[in-house]
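The values are calculated or read from the model by the stated rules, or taken from the named source; none is laboratory data. Just so it is clear, the model here is predicted, and its values are computed rather than measured. All Cβ positions, even for glycine, are placed from backbone atoms using ideal geometry, and neighbour counts span all protein chains on display. Only protein heavy atoms, including side chains, enter the accessible area calculation; ligands, DNA and RNA are left aside. Shrake-Rupley method; radii C 1.70, N 1.55, O 1.52, S 1.80 Å.
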Amino acid sequence: MNKKKHEEIILNCRIFLRGKKLSFELIDTPKEMEKMNYLSEILERSQDLMFFKDKKLKYKYVNSSFANLFECDRDLIYNKSDRDILPEELYNQSERGDLLALENGYYLEIE
């Protein structure tokens with residue numbers, strides 16, 4: 001009996017539906033991970049408050065400076081909203097800015 005060797009190939013891809021066409025984009029995972037690690041390192045070194053929220057306005061990333069402001073571990077902020085962590089007045093201001101950012105694609109306020 002002839003046994004064939006099987007080689008496992010792991011492909012990472014993004015799939016897009018553009019009109020009636022389906023597109024596949026192969027991703028070079030090591031390079032993508034390198035970029036993410038670099039970005040994460042920059043965000044962590046910053047003393048500025050850095051965070052990312054999803055479309056439901058839940059925190060998906062906060063840097064150490066942001067977590068230190070609330071004197072807690074960043075894991076306690078993950079997946080929470082501003083309503084969960086901010087005083088009412090700050091929450092209202094933050095929500096207004098977030099909604100404008102979602103609507104317009106950006107939000108800019110100068111103090």
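What the table shows:
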read-out: Residue match in segment 96-110 (condition: surrounded by fewer than 12 Cβ atoms within 10 Å (Cβ to Cβ), over 30 Å from LEU11 (Cα atoms) and in contact with a Gly (Cβ under 7 Å, 6 or more places away or on another chain)); value: yes
read-out: Residue ID - farthest from LEU99 (Cα to Cα), chosen from residues in segment 42-63 that are within 14 Å of the chain's Cα centre (by Cα) and open to solvent by 80 Å² or more (accessible area, probe 1.4 Å); value: PHE51
read-out: Subset of segment 16-44 [among the polar types (S, T, N, Q) and either in a helix (DSSP H, G or I) or in contact (Cβ under 8 Å) with a residue 40 or more places away in the chain (or both)]; value: THR29, ASN37, SER40
read-out: GLU88, sole failed condition from (1) out of contact with any Phe, Trp or Tyr (no Cβ under 9 Å at 6 or more places or on another chain); (2) in contact (Cβ under 8 Å) with a residue 40 or more places away in the chain; value: (2)
read-out: Within segment 64-85, considering residues that are in a loop (DSSP other than H, G, I, E, B) and touching a Phe, Trp or Tyr at 6+ places or on another chain (Cβ under 7 Å), the one surrounded by the most Cβ atoms within 10 Å (Cβ to Cβ); value: ILE77
read-out: Count of segment 86-111 residues which are over 19 Å from the mean Cα position of the chain (by Cα) and either closer than 16 Å to LEU43 by Cβ or outside any loop (DSSP other than H, G, I, E, B) (or both); value: 7
